[in-house]
Amino acid sequence: MNKKYTGTDTIKRGMARMQKGGVIMDVVNAEQAKIAEAAGAVAVMALERVPADIRASGGVARMADAAIIEEVMRAVSIPVMAKARIGHMVEARILEALGVDYIDESEVLTPADEEFHILKTDFTVPFVCGCRDLGEALRRMGEGASMLRTKGEPGTGNIVEAVRHMRRVQGQVAALCAKSKDELMTLAKEIGAPYELVLEVKTLGKLPLVNFAAGGVATPADAALMMTLGADGVFVGSGIFKSANPEKFAKAIVSATTHYQDYATLAALSRDLGAPMQGLEIASLSREQRMQERGW
Amino acid sequence: MGAKRRIGVLALQGAVSEHLDMVKRGGCAGLAVKNRADLGAVDALILPGGESTTLGRLIREQELEDDIRAFVKTRPLLGTCAGLILCARELVGDARPRPLGLMDISVERNGFGRQRESFEADLEVEGAGSIRAVFIRAPFIQSVGVGARVLASLDDKIVMAEQGNVLVTAFHPELADDMRIFNYFVAKSSGALAESHFLL
């Protein structure tokens, strides 16, 4: 038997690299998971409720029931992700024990800790975390996240926050790379990021981790927009199964993510889709209602 | 060598930039292949790692199946991980995704387990010696037909093979610095060597 090394950075980050150019879809049962897989999703996120329903129902949102996650894992052969509350390392350990392929330490759920995130380097299973700026992205990476996603505003079907966060991260990466090395310690202090990781961004000329867009993608055009802004792929939460025709939306968003620069194809994909999910104006949400504010 | 070899990477989904970086490190010209016209412009093709169900769907949507089958009659193709699955004649216990059938191999998807069981290991490759290999939710080849040749196995599971112009690995050479497998593939594409002589 050859010795096998599990849970290395190459393995954990490499898994996210295989997802690039793809769409990860929120699902709440086996039937939805099968629709997502047939449509060409690269992974599914197993949840008890999609973000729009979490938002509507209020109360504390927690890790999904293990039975739902296992039902989804049995239903599909593509990777299955699941969400743990920010800072809830026991939920994360339970998800790891269930065998999920990726854990999302997610602001969509009610945080368990308002000061600290999970130390993700301790786990064999890889984590994805949300970010709104480069400092937050590099803090999560410092804790051991293997994949990033910009937060946007989940459950709104409104792309404006996803755009804001992706532009901010990309802009800050470009600004960092334009600086000389002697300016980087002060930059690290200003954005609250580990100096070594700031240096790594400068050396690579880009983020060291795969970075998807999330939080507000509702149409094929939204997905293509996020790819145009530099996303490596997209998460679609409520946008698929809150639309009038989930199967059609799922397929169209997958194809739009691949062919995001082919406008004739995008036009065809945008035809006769039926109603997208009902959207929310961000200004109608108070600061306390914005999930993006969660995370430190 | 005269002009640089043009190596295409199927760019519908997956680890495309990682392969293009490897192509560049190997001194070749890389091209992202998204459609039939792109395919006509390359000397060799790589089917990258990604999700095989997703890739299968997007290949069908672009009507690339017959073109890829014709491609390997005259030019080399490297399939890694999901790319290996796409090359299979059949998938064990699963009709999806419909493979391209480029090679006489029967493949088991996710044959080493889920992500937490994914691993790196030192692998003995025929003619090349030990290579550090990265396996991510990797498939393995359950059996090969008479036309296909086994190049490496791990725990009695076949993880690298070739048949004619088609070379497949269950692991990810694009995630490691070792260039031996890529160099072998390029040598195949330039017709510079007889079957299975690694450049060491």
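The values are calculated or read from the model by the stated rules, or taken from the named source; none is laboratory data. Note that this is a predicted model, so its numbers are computed, not measured. Cβ atoms come from the backbone with ideal geometry, glycine included; neighbour counts cover every protein chain shown. When the accessible area is computed, the model is the full protein with side chains, heavy atoms only, and any ligands, DNA or RNA have been set aside. Shrake-Rupley method; radii C 1.70, N 1.55, O 1.52, S 1.80 Å.
Does residue A:222 satisfy the criteria of being under 16 Å from residue A:132 (Cα atoms), in contact (Cβ under 8 Å) with a residue 24 or more places away in the chain and charged (D, E, K, R)?
It is false that residue A:222 is under 16 Å from residue A:132 (Cα atoms), in contact (Cβ under 8 Å) with a residue 24 or more places away in the chain and charged (D, E, K, R).
Which of the residues belonging to region B:51-78 are within 15 Å of the chain's Cα centre (by Cα), within 14 Å of chain A (Cβ to nearest Cβ) and open to solvent by less than 10 Å² (accessible area, probe 1.4 Å)?
B:52, B:55, B:56
Evaluate the following for residue B:7: is it in a helix (DSSP H, G or I) and at pLDDT 95 or above?
Judged against the criteria, residue B:7 is not a match.
Only one of these conditions is not met by residue A:11: (1) within 11 Å of chain B (Cβ to nearest Cβ); (2) under 21 Å from residue A:237 (Cβ atoms); (3) of a type in the set (A, V, I, L, M). Which number is it?
Here residue A:11 meets the rest and fails (2).
Restrict the check to region A:25-34 and report whether at least one residue is within 10 Å of chain B (Cβ to nearest Cβ) and either surrounded by 24 or more Cβ atoms within 10 Å (Cβ to Cβ) or in contact with an Asp or Glu (Cβ under 9 Å, 6 or more places away or on another chain) (or both).
No - not one qualifying residue is present in region A:25-34.
Scanning region B:144-159 for residues that are open to solvent by less than 50 Å² (accessible area, probe 1.4 Å) and among the small types (Gly, Ala, Ser), which turns out farthest from the other protein chains (Cβ to nearest Cβ)?
B:147
In the list B:33, B:125, B:107, which residue meets the criterion of being open to solvent by less than 20 Å² (accessible area, probe 1.4 Å), in contact with a helix residue (DSSP H, G or I) (Cβ under 8 Å, 6 or more places away or on another chain) and within 12 Å of residue B:170 (Cα to Cα)?
Testing whether each residue is open to solvent by less than 20 Å² (accessible area, probe 1.4 Å), in contact with a helix residue (DSSP H, G or I) (Cβ under 8 Å, 6 or more places away or on another chain) and within 12 Å of residue B:170 (Cα to Cα) leaves just B:107.
Suppose we filter A:128, A:163 for residues that are outside any loop (DSSP other than H, G, I, E, B), within 15 Å of residue A:231 (Cα to Cα) and more than 14 Å from chain B (Cβ to nearest Cβ); which single one remains?
A:163
Suppose we keep only residues that are within 19 Å of residue B:100 (Cβ to Cβ) and part of a loop (DSSP other than H, G, I, E, B) within region B:141-200. Which one would you say is modelled with the lowest pLDDT?
B:147
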